[in-house]
Each structure stands twice: as structure tokens, then as C-alpha cells.
Amino acid sequence: MTWPDGYHENAREVARGIQETAQYQQSQCERKKTEMLFAPLKCILRLDRLRLRGLSGARDEFTLAAAVQNLRRLAKLASSLQPFGGQVAPAAQRIG
């Protein structure tokens with residue numbers, strides 16, 4: 001069965017109207033930030049598909065992958081906080 005041209009045009013117009021709103025633009029910004037956080041999970045940690053079965057298995061796998069991601073971010077942050085090979089700079093010693 002084929003649909004005649006313009007059959008769903010009213011729905012398309014509604015969708016186009018939603019895309020013009022400021023709330024939609026804000027949600028797209030937030031979605032991009034979230035997707036950027038999950039990109040390494042999908043690519044590097046191979047979370048593109050779940051290996052455990054069931055809702056509890058998926059929850060466990062996601063929690064483990066998120067913990068790994070947080071540890072990776074923590075390691076990167078810790079390495080950037082010690083630019084002098086682990087030694088405290090003289091100015092930082094005076095500050096406290």
C-alpha cells in the first residue's frame with residue numbers, strides 16, 4: 001500500500017513548528033552534551049550493544065561501563081593537576 005503525497009503533511013508541519021521553538025533548541029544542546037559523554041562508551045568500551053540479557057543485566061552492564069568512564073575521566077583530571085611531576089610549586093606552598 002502506498003500513501004498519497006501529503007498524507008502526513010499536518011504531522012510534518014507540527015514537527016517543523018516544534019523545531020522552531022527555543023525549548024527544542026535548548027534540548028538539542030543538552031542532548032549533544034549527553035551524547036558526547038556517551039560516545040567513548042559506545043566506541044572505546046564497545047557499549048554499542050548489550051551483552052547481558054534482561055533489564056537487570058543491561059542496568060549492571062551500563063553501571064559498570066559508567067564507572068569505567070568515570071575512572072578514566074578521574075585519571076585524566078588527576079594527571080592534569082600535577083604538571084610538575086607530582087611536586088608542589090613554591091607559590092602553591094605559600095597559599096596553603
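Throughout, read-outs are computed from the coordinates displayed, never taken from laboratory work. Treat the numbers as computed from the prediction; the structure is a model and nothing was measured. Using ideal geometry, Cβ is built from the backbone for each residue, glycine included, and neighbour counts are taken over all protein chains shown.
Being under 30 Å from residue 76 (Cα atoms) and touching a helix residue (DSSP H, G or I) at 6+ places or on another chain (Cβ under 6 Å) is the filter; apply it to the stretch 23-56 and report the residue that is surrounded by the fewest Cβ atoms within 10 Å (Cβ to Cβ).
Among those that are under 30 Å from residue 76 (Cα atoms) and touching a helix residue (DSSP H, G or I) at 6+ places or on another chain (Cβ under 6 Å), it is 48.
It is to be established whether one or more residues within the stretch 3-22 are under 13 Å from the mean Cα position of the chain (by Cα), surrounded by 10 or more Cβ atoms within 10 Å (Cβ to Cβ) and assigned to a helix (DSSP H, G or I). Working first, answer last.
Start the filter on the stretch 3-22 by keeping residues that are under 13 Å from the mean Cα position of the chain (by Cα), which leaves none.
Among the residues of the stretch 3-22, not one is under 13 Å from the mean Cα position of the chain (by Cα), surrounded by 10 or more Cβ atoms within 10 Å (Cβ to Cβ) and assigned to a helix (DSSP H, G or I), which makes the answer no.
Any residue at all in the stretch 37-54 that's over 18 Å from the mean Cα position of the chain (by Cα), assigned to a loop (DSSP other than H, G, I, E, B) and not charged (D, E, K, R)? Even if it seems obvious, please write down each step before you answer.
Residues of the stretch 37-54 that are over 18 Å from the mean Cα position of the chain (by Cα), as a first pass: 51-54.
In the following step, the residues that additionally are assigned to a loop (DSSP other than H, G, I, E, B) were identified as 51-53.
With not charged (D, E, K, R) added as a condition, the list becomes 52.
Checked against the condition, which is being over 18 Å from the mean Cα position of the chain (by Cα), assigned to a loop (DSSP other than H, G, I, E, B) and not charged (D, E, K, R), the stretch 37-54 yields at least one hit.
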